[in-house]
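This report concerns only the one structure given below.
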Amino acid sequence: MISLDGFRAPWVYRILGIDNGTNTVGFTVIDHNLRTGISTVIFAETVTADKSAYNKYAGVAANRNNLNARLLVINDFLQEVLEEYDPDIVGCEAPFSHLNISTYRALVTSMKSMDDTCYNHRRTLQFVEISPGKAKKAVCPVDVYKTDKEVIRQFILDDDRIIEGQFIVLEDLDEHSIDGISVCRFLALETEKAFT
């Protein structure tokens, strides 16, 4: 629901969903129609940072470690997405609490880094941490809860309230973009509740 002059209709809520990671991160943008409940996926891409981080940020990798170099690449991409799509809200899948401490710490660092990028883009841009369970539940049918990635993918493909935008083929999306859709749908449904 974009008008001819490029502005979104006031009932269209744009959401950026992030499948968090320290190297491979999924970014998905949906336009959610608050009148119809339909989410249109308008962007979905997965970034693998180590493909370019150690060349682009070789000094950072050498002096501060590889994680910091990868996070710079991830946040460069996030900044491009923010500038291109200007979301109303950003949701990020929060780390699993049962991970080992070093993995958990790295994922929290990644999430905090992306939160800072969003804040620097627009100080009023809300960045919401969403548990993986809540994100998956948002795309499960009523009274059903599954966590298997392939089952979740099928739920999304079968849901007529999640549709493809121009140049998007849902079946072709990888697991990280699919997880991004789940994050977006959680925020979409929460927003609908707030308006009803």
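In deg cm²/dmol and to the nearest 500, what is the mean residue ellipticity at 222 nm of the chain if only DSSP H runs of at least 4 residues count, each as -39500 (n - 2.57), divided by the residue total?
Working: 7 runs with 89 residues, N = 196.
Counting only the DSSP helices, I get -14500 deg cm²/dmol.
Could you give the accessible area per residue of the chain, probe 1.4 Å, as a whole number in Å²?
53 Å²
Out of 57, 28, 178, whose Cα points farthest toward the positive end of the dipole of the chain (charges: +1 Lys, Arg; -1 Asp, Glu; placed on Cβ)?
Checking the options against the dipole of the chain, the answer is 57.
Taking a ≥ b ≥ c as the square roots of the Cα gyration tensor eigenvalues, with a/c under 1.5 meaning rounded and otherwise prolate when a/b beats b/c, else oblate, which class fits segment 16-112?
Oblate shape, in that a/c is at least 1.5 and b/c is the bigger or equal ratio.
Once the piece of chain linking residue 108 and residue 150 is laid out straight, how much longer is it, given 0.36 nm per residue of separation minus the C-alpha distance between them?
12.5 nm
Of all accessible surface on the chain at a 1.4 Å probe, what whole percent is carbon and sulfur?
In the chain, the share of accessible area belonging to carbon and sulfur is 51 percent.
Rounded to the nearest 10 degrees, what's the angle between the helix 149-158 long axis and the longest principal axis of the chain, both from Cα atoms, 0 to 90?
30 degrees
Loop sites only, by DSSP: take the chymotrypsin sites (Phe, Trp or Tyr not before Pro) in the chain that have at most 15 other C-beta atoms within 10 Å and name the longest stretch containing none of them.
Longest gap between qualifying sites, sites excluded: 12-95.
Rounded, prolate or oblate: which fits the chain, taking a ≥ b ≥ c as square roots of the Cα gyration tensor eigenvalues, rounded meaning a/c under 1.5, else prolate when a/b beats b/c? Walk me through the intermediate numbers first.
Details: a/c = 1.83, a/b = 1.40, b/c = 1.31.
Prolate is the answer for the chain, as a/c is 1.5 or above and a/b outweighs b/c.
Fully extended, how many nm does the chain gain between residue 79 and residue 160 (0.36 nm per residue separation, minus their Cα-Cα distance)?
Gain in length upon complete extension: 26.1 nm.
What does the C-alpha gyration tensor say about the overall shape of segment 62-123? Classify as rounded when a/c is under 1.5, otherwise prolate if a/b is larger than b/c, or oblate.
Since a/c reaches 1.5 but b/c is at least a/b, the shape of segment 62-123 is classed as oblate.
Distance between Cα centroids, segment 106-163 to segment 41-93: provide it in whole Å.
18 Å
If contacts are Cα pairs under 8 angstrom and at least 6 residues apart, what is the relative contact order of the chain in percent?
That works out to 29 percent.
Counting Lys +1, Arg +1, Asp -1, Glu -1, what net charge surrounds residue 190 among other residues with beta carbon under 12 Å of its beta carbon?
Result for the local shell: +3.
Taking the chain as the reference, fit the longest principal axis to its C-alpha atoms, fit the long axis of helix 101-121 to the helix C-alpha atoms, and give the angle between the two in degrees, 0 to 90, nearest 10.
Value to nearest ten degrees: 70.
The values are calculated or read from the model by the stated rules, or taken from the named source; none is laboratory data. Note that this is a predicted model, so its numbers are computed, not measured. Note that each Cβ is placed from the backbone with ideal geometry, even for glycine, and that neighbours are counted across all protein chains shown. Protein only, heavy atoms only, side chains kept; ligands, DNA and RNA dropped before computing areas. Shrake-Rupley method; radii C 1.70, N 1.55, O 1.52, S 1.80 Å.
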